[in-house]
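**Q** Before I ask anything, here is the structure I am working with.
The values are calculated or read from the model by the stated rules, or taken from the named source; none is laboratory data. Note that the structure is a prediction, hence the values are computed from the model and not measured. Note that we place each Cβ from the backbone using ideal geometry, even for glycine, and neighbour counts take in every protein chain shown. Note: areas computed on protein heavy atoms with side chains; ligands, DNA, RNA excluded. Shrake-Rupley method; radii C 1.70, N 1.55, O 1.52, S 1.80 Å.
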Amino acid sequence: MRVLVTGGAGFVGSHLCDALLGEGNDVVCVDNLLTGSLRNIAHLKNESRFEFVQQDVNEPYDVGRVDYIFHFASPASPVDYMEHGIETLKVGSLGSFHSLDLAKKYGAKYLLASTSECYGDPLEHPQKETYWGHVNPIGPRSVYDESKRFAEAATMAYHRYHKVDTRILRIFNTYGPRLQLNDGRVISNFMKQALRAEPLTVYGDGQQTRSFCYVSDEVDGILRLSRADTHDPVNIGNPTEFTILECAKLVLKVTGSSSPIAYEPLPQDDPKQRRPDISRAQRLLGWEPKIDLEAGLKLSMAYFRQAIAIEGASKAGRPQTVSV
Ligand code: NAD
Ligand code: UDP
């Protein structure tokens, strides 16, 4: 197949490009590098089946005939999407329409990267796909949450009205190599702080929960969903739940760091709990995650060390000799 990945220079998107190439597909990666990096796809520079197009998907574009479209373009870290609020609203709306129009034009299959944030600060726990969510439509996170909810509505509409063969993936907190060092997400912050012997910044009392999925498990779920015959949303995430304080302590254990914990204010509308019910993924895709948080953090450590070294070299004005 010839496959289009929007947001393919981002964290998850670049791993997806690798996996799709590994399955023998030709991959076109379209990305405007707003929150992604060429470093994530540098290893594909000489891959003849890989093409990178620097393009804002909020503007109309066409990359020629494609058989499958994975729409992953969107800032994903709260720090990023709050900094780029309007772009985030546009990429879920205009960006989704543009990629859905390409799917309609070429008869391509379509998979939307949606999010657990569709459930907002959930009152149902764990979250099943049937839960409609609890989102503040005018709060600071709404630029992301409502953008993704709109993208899901647009995806279902193109399926219903234009018969596009669509899938909706709800990703829960995913981490691993290529997570941007400075994107402000909890794993990147904690790993960076622990490895630099700086205090780990726990927001609030650290009793809020998240469920962390290692990126190779996530990509396995994405590929399985892409082949499945289902149009309703499917949660792909690791159902083992941690408080953020437990997560901080695990990062200290894995890195062997003796950094202290520093408590900082909880951001507005920060979800108090989050854990996927993955029974739909288990039943329809035969999927469940294999890598627990401790193992995943160990697998990510070399990457974070390298990323810190690259940043240090660049700040010191030295050539960046470390490759990621
Ligand atoms: P990321 O920021 O690393 O990647 C997003 C990519 O999209 C970046 O390369 C960025 O440059 C690109 N992009 C943003 N706006 C664009 C535009 N207008 N035109 C072209 N490219 C654009 O984030 P990620 O964690 O890899 O997330 C990828 C997708 O998965 C996103 O859609 C995100 O909402 C979704 N998701 C991720 C997580 C997670 O935990 N990582 C959780 C839920 C959902
Ligand atoms: N968080 C934290 N310290 C940090 C970064 C994040 O305590 O340095 C908390 C944040 O308040 C949230 C959780 O960790 O409760 C996950 O945050 P993240 O930004 O990774 O993603 P979210 O799940 O909120 O989208």
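**Q** Accessible area per residue of region 16-121 at 1.4 Å probe, in Å²?
**A** Using a 1.4 Å probe on heavy atoms only, each residue of region 16-121 averages 41 Å².
**Q** Mean separation of Cα pairs under 8 Å and 6+ residues apart, divided by the residue count of region 189-320: what relative contact order is that in percent? Walk me through the intermediate numbers first.
**A** Values: 180 pairs, mean separation 48.5, N = 132.
RCO, region 189-320: 37 percent.
**Q** Report the trypsin sites (Lys or Arg not before Pro) located in region 223-324 that are in a DSSP loop and have at most 14 other Cβ atoms inside 10 Å of their Cβ, or state none.
**A** Details: sites: Arg224, Arg227, Lys249, Lys253, Lys272, Arg274, Arg280, Arg283, Lys290, Lys298, Arg305, Lys315; in loops: Lys272, Arg274, Lys290.
Qualifying residues, ordered by number: Lys272, Lys290.
**Q** Given 0.36 nm per residue, what is the gain on full extension from Lys104 to Ala197 after removing their alpha carbon distance, in nm? Don't skip to the answer; put the middle values down first.
**A** Working: separation 93, 0.36 × 93 = 33.48 nm, distance 5.13 nm.
So the extension gain works out to 28.4 nm.
**Q** Roughly how far apart, in whole Å, are the Cα centres of region 5-20 and region 35-58?
**A** 9
**Q** Which entries of Lys192/Lys315; Lys105/Lys148; Lys272/Lys298; Lys148/Lys272; Lys249/Lys290; Lys104/Lys163 show an alpha-carbon separation above 18 angstrom in the structure shown?
**A** Details: Lys192/Lys315 16 Å; Lys105/Lys148 23 Å; Lys272/Lys298 26 Å; Lys148/Lys272 20 Å; Lys249/Lys290 22 Å; Lys104/Lys163 8 Å.
The answer is Lys105/Lys148; Lys272/Lys298; Lys148/Lys272; Lys249/Lys290.
**Q** Sticking with this structure for a sec: How about region 21-106: which trypsin sites (Lys or Arg not before Pro) there lie in a loop by DSSP and see at most 12 other Cβ atoms within 10 Å? Mind showing how you got there, number by number?
**A** Values: sites: Arg39, Lys45, Arg49, Arg65, Lys90, Lys104, Lys105; in loops: Lys45, Arg49, Arg65.
Those satisfying the criteria are Lys45, Arg65.
**Q** ³J(HN,Hα) across region 36-49 via Karplus (A = 6.51, B = -1.76, C = 1.60, θ = phi - 60°), whole Hz, x for Gly/Pro?
**A** x, 8, 4, 4, 5, 10, 4, 5, 9, 4, 9, 8, 5, 8
**Q** Moving on to the next point. With just the Cα atoms defining each centre, how far is region 85-150 from region 184-255? Give it in Å.
**A** Cα centroid to Cα centroid, the span is 20 Å.
**Q** From the phi angles alone, apply the Karplus equation (6.51, -1.76, 1.60; θ = phi - 60°) to region 181-198 and give each ³J(HN,Hα) in whole Hz, x where the residue is Gly or Pro.
**A** Couplings: 4, 10, 8, x, 6, 5, 5, 5, 4, 5, 5, 4, 5, 5, 6, 9, 6, 9 Hz.
**Q** Percent of accessible area on the chain owned by carbon and sulfur, 1.4 Å probe? Mind showing how you got there, number by number?
**A** On the way: 7150 of 13770 Å².
Roughly 52 percent, rounded to a whole number.
**Q** Still on this structure, I have one more. Keeping every protein chain present and rolling a 1.4 Å probe, give me the accessible area per residue for region 218-324 in Å². Mind dumping the intermediate values first?
**A** Numbers: 5400 Å² over 107 residues.
It amounts to 50 Å² per residue over region 218-324.
**Q** Report, in debye and to the nearest 20, how large the dipole of the chain comes out about its Cα centre when Lys and Arg carry +1 and Asp and Glu carry -1 on their Cβ. Can you show the working numbers first?
**A** On the way: 36 positive and 40 negative charges, 106 e Å.
Around 500 debye, computed over the chain.
**Q** Further question on the same structure: Okay, helix-only estimate at 222 nm for the chain: each DSSP H run of n ≥ 4 adds -39500 (n - 2.57), divide by all residues, round to 500 deg cm²/dmol; what do you get?
**A** Per the formula, -12500 deg cm²/dmol.
**Q** Could you give me the ³J(HN,Hα) list for region 155-160, computed from phi with Karplus coefficients 6.51, -1.76, 1.60 and θ = phi - 60°, whole Hz, x at Gly and Pro?
**A** These are the phi-based 3J(HN,Hα) values: 4, 5, 5, 5, 5, 6 Hz.
**Q** Could you pull out every one of the aspartates and glutamates with an alpha carbon less than 13 Å from that of Lys128, ignoring same-chain neighbours closer than 8 positions?
**A** Cross-link targets: Glu117, Asp232, Asp277.
**Q** Please compute the modelled spin-label separation between Ala157 and His134, points set 7 Å along Cα→Cβ, answer in nm with one decimal.
**A** The modelled label-to-label distance comes out at 2.9 nm.
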